[in-house]
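Please treat every number below as a calculation from the coordinates, not as lab data. Since we're looking at a predicted model, the values are computed, not measured. Neighbour counts run over all protein chains shown; Cβ positions are idealised from the backbone, glycine included.
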Amino acid sequence: MPWSQRNILFRPVLTDTLIRWILRAGAVASALVMLLILAFLLIESWPVLYQISPARFINDASWHPLEGAYNLMPMLSGTLLASVGALLLAVPLGIASALFLVFYAPASLALPYQRLIELLAGIPSVVFGFWGLTTLVPLINQLHPPGASLLAAILVLTLMILPTITLTAYSALKAVPDEFLHGAAALGLSRWGMIYGVVFPAARAGIVAGIVLAAGRAIGETMAVLMVAGNVVQHPQGLFDPMRTLAANIALEMAYAMGDHRAVLFVSGLLLMLLVMLLSAMAGRMGKNQYA
Amino acid sequence: MIKSKRFLLLGLVFFIVGFGWLAGANAASQRLVLTGSSTVAPLVGEIARQFESIHPGVRIDVQTGGSARGINDTRNGIANIGMVSRALKANENDLHAYTIALDGISVIFHANNPVATLSKQQIADIYTGKITNWKSVGGPDARITVVNKAEGRSTLELFLHYFQLRNSQIKPHIIIGDNPQGIKTVTGNPHAIGYVSIGAAEFEAERGAPIRLLALDGIAASVANVQRGTFPLSRPLNLITTQVPQGLAQRFITFARSQQAHALVAAQYFVPAGAD
């Protein structure tokens, strides 16, 4: 029964009414903030959106906003490549760690391991960036100059989103009802058979939600990527090529941008927002189709 | 229901009264408007904040828009003071310029790099991708990593102006934002070449960062040489007025050139102008 409906079993008392209004106000405020952000981005980028055709963001020769060249596509591809690369590494690792924690680790190891992952989740991104800049980049540089590259960005992002995926997958696995496990055990399934056939389908929604959360963080991450990616605006041809993400672009140039330059940076913010909206729409779909 | 509505109303009243009070507190009696160069604006913004805290009731408005706008606005009387990030030209002698700081940049590379000097042409060739190996300029056989600044930065603008380049001609391998990031990048890569504000480079080199500041035209890159005006890759940051400043404008310009403002100048990696 939906609890938000009026209900003959419970007459609303003062506390309920009060709480309802507070919650309503909170819901309206957060929805309003979202809409205001969108409106703000549109207003700030309007000067260029009005003047130049959107095709120029795709067809211009390069990104040199002070010389009137506004191609955003290399940064879009950079953002996507770095995020997808990080997800490819972090998703298997994260799910494996969560499985280890729930089903394989002895109790004496599970707790310290979990605390370690939680600690990793709490490290500020700029620390990862600093570590990447002073340790990872020189290391990659010895392998293949210049060091600051797509690879460095992927590795730093992987470290950052790994705990998110691990912890959400962990709670999703933990939430699988014990009856399911008992039933599987009674059927004589092996441990892996139980995990693959029973636990995964039951925990899928939670795991997918964690991956989407991690993807959102990877797409929007700014400082860490800014410090290790090299920030050259180009479609990276390989893992060792430097590249720039949309978020890094804003952070890098906003401080000193004026006029059209500033407005174009808001366009890249708008693009970033669209990307995240697309992601959450996709996640909504995946959540619907899944077996419950 | 009625009670909760009254509760909401009360909250609303608190909000409105609160905001009204905040807005009222900001009303100031004296106002000074500065417009111009985006290089000078952050520094002047800091100086203005300190000036405001010493002189309550004074409100200083700092707007960017480029040196040209600073000159136009000052001539038209829209701005009380203009900010210009270069020396005044001959046809601008109707204006009075007061240098508050000097901006100099230094080409830097790793301390282990044996290359002693580079000519202006060689640096330009490295940045445009015509020279890609240190061997061509007397160094080790290694690919040069070109470190450039992000678009819109004043250091980039000064660099491009001095070497007569456009940013689209430069073939960078790494693009950086602020000076510390540039220095970290060069210290982590023995084959990198970059450029940063001279104040930042000298500060880090003195603290033991493995970087070397490249001399230009035989003149060592140092804060002292920028101050003397001998280092070629530098420019003055000026405040300009149409008449000899009086009143509030005069007080502000004096403050911006005083010993008190020098710490703010150094914090932005600029070089304080010689005290006079």
- Message: Using each residue's phi in the range B:243-253, evaluate 6.51 cos²θ - 1.76 cosθ + 1.60 at θ = phi - 60° and report the 3J(HN,Hα) Karplus result to the nearest Hz, with x for Gly and Pro.
- Response: 10, 4, x, 9, x, 4, 4, 5, 4, 5, 5
- Counting only complete DSSP H runs, which helices of chain A cover 15 Å or more along their long axis at the Cα atoms and score a mean Kyte-Doolittle of 0.5 or above? A:14-51, A:73-99, A:107-122, A:150-174, A:200-220, A:259-289
- In terms of modelled amide H atoms, which long-range or inter-chain residues lie less than 5 Å from the amide H of A:W63? A:N71
- Note on the structure: Output for the range B:145-276 (equivalent-ellipsoid semi-axes, sqrt of 5λ from the C-alpha gyration tensor, Å, descending) is 30, 17, 14
- Item | Nonlocal amide H pairs with B:V107, under 5 Å, H built at 1.01 Å | B:L214
- Item | Amide H within-cut-off set for B:I176, under 5 Å, with H built and near neighbours excluded | B:N148, B:K149, B:A150
- Query: Which percent of the Cα-Cα distances in the range A:132-178 go past 12 Å?
  - Reply: 66 percent
- Among B:227-236, A:106-115, what's the highest-first ranking by average C-beta atoms within 10 angstrom per residue? B:227-236, A:106-115
- Message: Which of A:I219, A:I22, A:I195 ends up with the largest GNM mean-square fluctuation for chain A, with Cα atoms connected below 10 Å?
- Response: A:I22
- the range A:40-182 pair-distance distribution - Cα-Cα, 10 Å bins, rounded %: 10, 25, 25, 22, 12, 6, 1
- Of the options B:V146, B:L32, B:P232, report the single residue whose Cα projects farthest towards the positive end of the charge dipole of chain B (beta-carbon charges: Lys, Arg +1; Asp, Glu -1). B:L32
- Projected onto the charge dipole of the protein assembly as shown (+1 at Lys/Arg Cβ, -1 at Asp/Glu Cβ, origin at the Cα centre), which of A:G94, B:L248, A:A209 gives the Cα projection farthest towards the positive end? A:A209
- Message: Taking the number of other C-beta atoms within 10 Å as the exposure measure, put B:V196, A:V228 in order starting with the fewest.
- Response: B:V196, A:V228
- Item | Rounded to whole Hz, the Karplus (6.51, -1.76, 1.60) HN-Hα couplings of the range B:140-151, x for glycine and proline | x, 7, 8, 5, 7, 9, 8, 9, 10, 9, 5, 4
- Query: Among rounded, prolate and oblate, which fits the protein assembly as shown when a ≥ b ≥ c are the square roots of the eigenvalues of its C-alpha gyration tensor, a/c under 1.5 means rounded, and a/b larger than b/c means prolate?
  - Reply: oblate
- Query: Per residue, what volume in Å³ does the Cα convex hull of the range A:60-100 take up?
  - Reply: 49 Å³
